[in-house]
Structure formats: C-alpha cells, structure tokens
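I have placed the structure first, in the form of structure tokens, so that the comments after it can refer back to it.
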2 protein chains.
Amino acid sequence: MALQQQQFFAESSENTERITLAHGSGGIAMRQLVEREIVAAFSNPHLSQLEDQARLDLSELTQLGDRLAMTTDSFVVDPLEFPGGDIGTLAVNGTVNDLAMSGARPLYLTCGLIIEEGLSLETLRRILASMKKAADEAGVAIVSGDTKVVHRGAADKLFINTAGVGVIPQGMDFRVSQAQPGDVVIVNGWVGDHGATVMATRGDLVLDTNVESDCRSLYQEVCALMCTSEIHCLRDATRGGIATVLNEFAESSGVRIMLDQSAIPVRDEVRGVCELLGLDPLYLANEGKFLAIVPEEHAKHAVDALRKLPGAEQSALLAELNR
Amino acid sequence: MALQQQQFFAESSENTERITLAHGSGGIAMRQLVEREIVAAFSNPHLSQLEDQARLDLSELTQLGDRLAMTTDSFVVDPLEFPGGDIGTLAVNGTVNDLAMSGARPLYLTCGLIIEEGLSLETLRRILASMKKAADEAGVAIVSGDTKVVHRGAADKLFINTAGVGVIPQGMDFRVSQAQPGDVVIVNGWVGDHGATVMATRGDLVLDTNVESDCRSLYQEVCALMCTSEIHCLRDATRGGIATVLNEFAESSGVRIMLDQSAIPVRDEVRGVCELLGLDPLYLANEGKFLAIVPEEHAKHAVDALRKLPGAEQSALLAELNR
C-alpha cells in the first residue's frame, strides 16, 4: 500500500514527495490524498463516512445550552512552522477560542485546505498531525473538510480555513458593549509571545530568542472565569494585540480604560524583540490570551482561579474603567 | 463619508481603489473594510453585532429536524467572474448545496475571504453583492466572517471559504452507500454547463458560446424530490462531474450503474466546447446539478415534479442499477 500511494505524489530530485495539481482535480489522486492523509490524520467517525456534510445530533447540543455559536477564521501565517506551534495549531485553536469567547463549549470544526502545488507531503503531514493534536486537546472533532490545490505561485504554500460550532450555556451573554465604569480588565498571562515569535523567525531575520507562541485552547480558562465571576466582556487578543481589543471595548461600551503599564505582563525576551524591531508589545498578536471585563468585586477571585491553570500563572489585573 | 473612506484604499494610476496590506492588519483600515464593505453588503443582525462569533437560537433549529448538517468548501476559481455567476455565487451555492444534499434546510453560512493585495475594490464589491443575492435566494444568512489580505503573489486575487449549517428533517438519511439493484438514477437537467463555461473563458482562450454556469441553490429541487420519492443517495456533481459521483455511488453501494448515453442531457454548445478542448461532459464540473438514486417505482413521479421547477426542465432518468 505504501508503494501504491507513492505513485500519486510527484517526487522532486531530492526524493521528496510533493503535492501536485492532480491532488485537487477531483480524481483518484485527490481521493487518495483525502482518504489516506487527511481523513486518516483527523480520524473520527463523522469524517470517515466521506459524505459531503457531517450530521450531528441536535439533542446532544441542546443538553449543553440554548444557543449555537458559529465562527470562522482563515490562517495565512508565514512561516508555516515556528517555535511553539504551526499553522495547524493556530487553525484549530483560533476557531476554538473564537467560540470559547462567547462562553460556548467548542464542539465541531470544519477544515478547508488551500495547498500550493509543490508543498512537501512531509510538511503537510506534520501540520495535519498538529491539527489533530490541538483538536484532541481542545475536545473538538474535525467533522468536515475540503481540499483545493492551486498552481505554483497562486498561494503561499498553505492556507487553512476552519469554521466551528459550539453551544453557549443558558444565561451566558458576553458582549463588547457591556463594559461598565467600575469594572476591571483581566488578562490571562504574558502578552505578545506569539507575535514576537513569528516576527523573530520570519524571512532572513532569525533572532535567537527562547520565546514561543502561546497558541492553545482557552476554553478551560473561560470555564474558570465563568465559575468565579460575572463576565461583561470577553475577547481573545489576536491580530492587533491587546491594544486593539481594549479600544473595541472602550468604543463599544463608551468607557475610558486607563492602563497601568507596569501591570502588563510582558517577558523580557518579548520586550527585547520589540525594541530591536520597533514594535509595541500591546499591538503584537497573541494566540492564547484574552481580555475579560468583570465587576471589580469578582476580580480577585477570578484572577486567583486563572493563576492555578497551566499557562495562565501570570494572569493579572490590567486596568480600571472610568466614564 | 465617501471621501473619508477613499483615504483607506490605495489608488493606482488608473484611479482604481485597491485593497492594500493595511486592510488585513487588524487596524483602522481593516475595520473600515469589514464594517463599510463586508458587513454592509451582507447586512443581517448577526453580523452587525461585530462579535467574533454568531449566536443562534437552538430552539429554532430543533423545530426543523433532529440533526445539524455541517460542511465547508473553499473556492479558488479562475476567472473570478464568468457568464452566469462569479466566485461569490459559487461560494454561497456550493455550501448551500452540500447541506441540501443531506436533505437539510440550509440556514447559516460563514465567509472567510483571502484577498490578494491589489484586488480592485470594485471587483470585491461586485462579488460581495453576488454573495448577498445568492444567500437571499437560497434563504440563508452569512452570520460570521473573517478577512485576510496577503501580499501580491501570495494568492490568486481572491479565495473564498464558506462553511454552513442546516437542519435535517427527522427520517431523512441519504448516504452514498444506499443504492440498491433495481433503483434508478435521476439527474436534474443539463450536464456540464458550469465546467464548459469556465473552460471557455479561461486565460487566452475565449470561445464565443452562449453557455452559462448553472450555479444555483438546489434546496427547492431537493424538497420536490423529498415530497415525491424515497431517496437512497443524493450528491451534487461538482468537481469531477457526474462520472465521479456515479463512481462513488457504485463503489460505496457495490452496484453496477449502466448509463444510457443518449439519455444524458448535454447542450449542443457544451458538446462543442468539449470537442474543441478534448473534454468529456461527464467529467465537467456542475454547480447546479445533482444525481439522485431512488426506487424505480417513485422515479417517474419525481422527475415530473422536478421538471416543473425553473432550471430543472431537462430532468431525466439516466440509468438503472444492477448487481
């Protein structure tokens, strides 16, 4: 079977199996790529049906809450792999976290791959394995997918889109417009790790740092928050960093947010990368950080609960809200 | 406001507003692109919340059936616009139809745009308007989205991913493995129109034909089928054409399908394009055609019902199944 499979991947002079346009044609090569690589990597009963849509019991969903959360995100990161993760880890956790930010339990994801002709099969396999690992860790299943191959130069190696659904428990309703004067802002740990990592490994510039992407599922941390505090606003600080999210809260809710600069947890390595590249850690992307706005009286309890979770030990109060 | 907006789009020498990398940066230019162009084009109450996820009442879903259908598809078509549709029409109807093929009523879509720097804003606006029109015609809402801008040369103008959910009525359970000897195959009209249209307008080769893409929602036709017949298998014949779907039915169900070549509805123009380009209409992509496998005793009734629907007048019996 390994021999048969080999026939369907073009080999370059270095004997590396690569994706070819035939893998996107709808024919046998595509079917083999989908069945032997993608469905096998994600292995779950929904995908292995090879139907054009997953079919999910609604009765199981209604036991978890009263609203379906639904979201999507496309991932176009360069480089594809970096310390602490890769585009696959991002693609799963990014959508998982967009669901979790509504209080939803993330449940099912779809995965759309756009592969540039010439991508090595080994790279694709590593990224699919990362997606499966991230999905298992987040407790979600990748239940439906689509694969396109575009000609060399028409895409940057690999783009991944994920969409996801989850269920929001009754009574949970966080919105960017719900911040109130007197509330406080909580962040769940070090700021800027992901952005600094990607910047430090991009292109010709390879800085020697120990910093790693913070990419991970935030659902457990959201659960800890929901158990310990009323939540007015909750958003993960991805593109645009914590500064952009704070601006969204302030504008949507009509409040002033005074940041205590000394309270913002930023690693020395991240400050170093920022100084070298002229960046501001508050605007760097994160992939495992959220900002929560909660009533002042619940804040200490919430921060204490977060600090007990692995990865969230540096959770901190960032700011108070004024009119 | 038109003046303000102008500032956020780069202008080329021909005075055309174009997408720039700033539109993907997470800053003000991106926010304006999302709010003024995308959210405005798709206008619905879910999107205008500008939350990172849509929140949908589960009680409304459970009234329609007992299972959630979930699917995704990425669209990478060249050219972006062609007679009878564009990448936006495809992106909506492709996912609507993947849902409808399970018997599901299509309800909610997500939309992930990957835009190449330099795409003209006019083109983007036309495509967003096509998506809105197709969504309205199919009775679905685009409730969540994501926009990325990649540097020139990193994507082919525009890629669109859509994911969707719908609800499958109780008792409906079509699977590719359920074809039985004695069943018959129905197609809902002209075969190969979409593939021939795209081939005839691609690159330097512009053939002068009247053929148009058949891209449209198939949900109404599926409803007509469900009302008139038991359905064993149902699949839309997109990439790979009707030949590929027939092969999937035959292999999954362990049946032989003998095609009556003279019964296959193919327009003369499509035959002409195929002869010029050395293509087989049975392998051409369709975007508004399905193959249904139904018990022989229901077939006439089903075909009669389909033929009354606009676009499906050429519905026909294609084949009988043997062991």
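Read-outs throughout are calculated quantities, based only on the coordinates presented, and are distinct from any laboratory measurement. The shown structure was predicted, so the numbers you read here are calculated from the model rather than taken from an experiment. Note: ideal-geometry Cβ built from the backbone for every residue, glycine included; neighbour counts use all protein chains shown.
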Regarding region B:152-205, what is the average projected area of its C-alpha convex hull, in nm²? 8.1 nm²
What does the charge dipole of region A:183-322 about its Cα centre add up to, to the nearest 20 debye, if the Cβ of each Lys and Arg holds +1 and the Cβ of each Asp and Glu holds -1? 160 debye
Which angle from 0 to 90°, rounded to the nearest 10, does the C-alpha axis of helix A:219-228 make with the longest principal axis of chain A? 20 degrees
Can you tell which of A:283, B:33, A:223 lies farthest toward the positive end of the dipole of the protein assembly as shown, using +1 and -1 charges on the Cβ of basic and acidic side chains (Lys, Arg; Asp, Glu)? A:223
Need one value for A:44-51: mean number of C-beta atoms belonging to other chains within 10 Å of its residues' C-beta atoms. 3
In whole µm²/s, the translational diffusion coefficient that Stokes-Einstein assigns to chain A, given a Kirkwood hydrodynamic radius over C-alpha pairs, 25 °C and 0.890 mPa s, equals 117 µm²/s
When the helices in the protein assembly as shown are scored as -39500 (n - 2.57) per DSSP H run of 4 or longer and the sum is shared across all residues, what 222 nm value do you end up with, to the nearest 500 deg cm²/dmol? -9500 deg cm²/dmol
As an exercise, use a Förster radius of 60 Å and the Cβ-Cβ distance of residue B:202 and residue A:275 to find the FRET efficiency, rounded to the nearest 0.05. 0.75
Relative to chain A, whose Cα atoms define the longest principal axis, helix A:87-100 and its Cα axis are tilted in degrees, nearest 10, by 40 degrees
If packing is taken as the mean number of other Cβ atoms within 10 Å per residue, what is the order of B:106-114, A:116-124, B:154-162, A:250-258, highest first? B:106-114, B:154-162, A:116-124, A:250-258
When the chain is fully extended, how far beyond the present Cα-Cα distance does residue B:297 get from residue B:35, taking 0.36 nm per residue of separation? 89.0 nm
at residue B:182 the sorted inter-copy label distances (label 7 Å from Cα on Cβ side), in nanometres, are 7.5
For region B:17-168, give me the percentage of DSSP beta bridges that are antiparallel, rounded to the nearest 5 percent. 70 percent
Directionally averaged shadow of region A:183-322, computed from the convex hull of its alpha-carbon atoms, nm²: 8.1 nm²
Across 5 Å bins from the origin, how do the percents of Cα pairs in region A:17-168 run, short distances first? 2, 10, 19, 22, 20, 14, 7, 4, 2, 0
Report the equivalent ellipsoid semi-axes for region B:17-56 in whole Å, largest first, defined as the square roots of five times the eigenvalues of the gyration tensor built from alpha carbon atoms. 21, 12, 6
Enter the mean number of other protein chain beta carbons within 10 Å of the beta carbon of each residue in A:22-33, as an integer. 3
Every other copy gets compared here: list the nm distances from the residue A:309 label point (7 Å along Cα to Cβ) to its counterparts, shortest first, one decimal. 4.6
Percent of Cα-Cα distances greater than 17 Å, calculated over region B:273-323: 51 percent
Fewest to most Cβ atoms within 10 Å: B:208, B:193, B:57 sort as B:208, B:57, B:193
What whole-number value in cubic angstrom gives the convex hull volume per residue for the C-alpha atoms of region A:186-252? 98 Å³
Ordered by fewest other Cβ atoms within 10 Å, a rough proxy for footprinting exposure, A:233, B:227 read B:227, A:233
Any idea what diffusion coefficient the protein assembly as shown gets from Stokes-Einstein, in µm²/s, Kirkwood Rh on alpha carbon pairs, 10 °C, 1.306 mPa s? 62 µm²/s
For region B:78-165, average projected area of the Cα convex hull in nm²: 5.6 nm²
What does a probe at residue A:230 reach in region A:293-317, counting residues whose amide N is under 18 Å from the point 7 Å along Cα→Cβ? A:293-303
Taking only C-alpha pairs under 8 Å that are 6+ residues apart, what is the relative contact order of region B:192-278 in percent? 35 percent
Just how large is the dipole of the protein assembly as shown about the Cα centre, in debye to the nearest 20, putting +1 at every Lys and Arg Cβ and -1 at every Asp and Glu Cβ? 480 debye
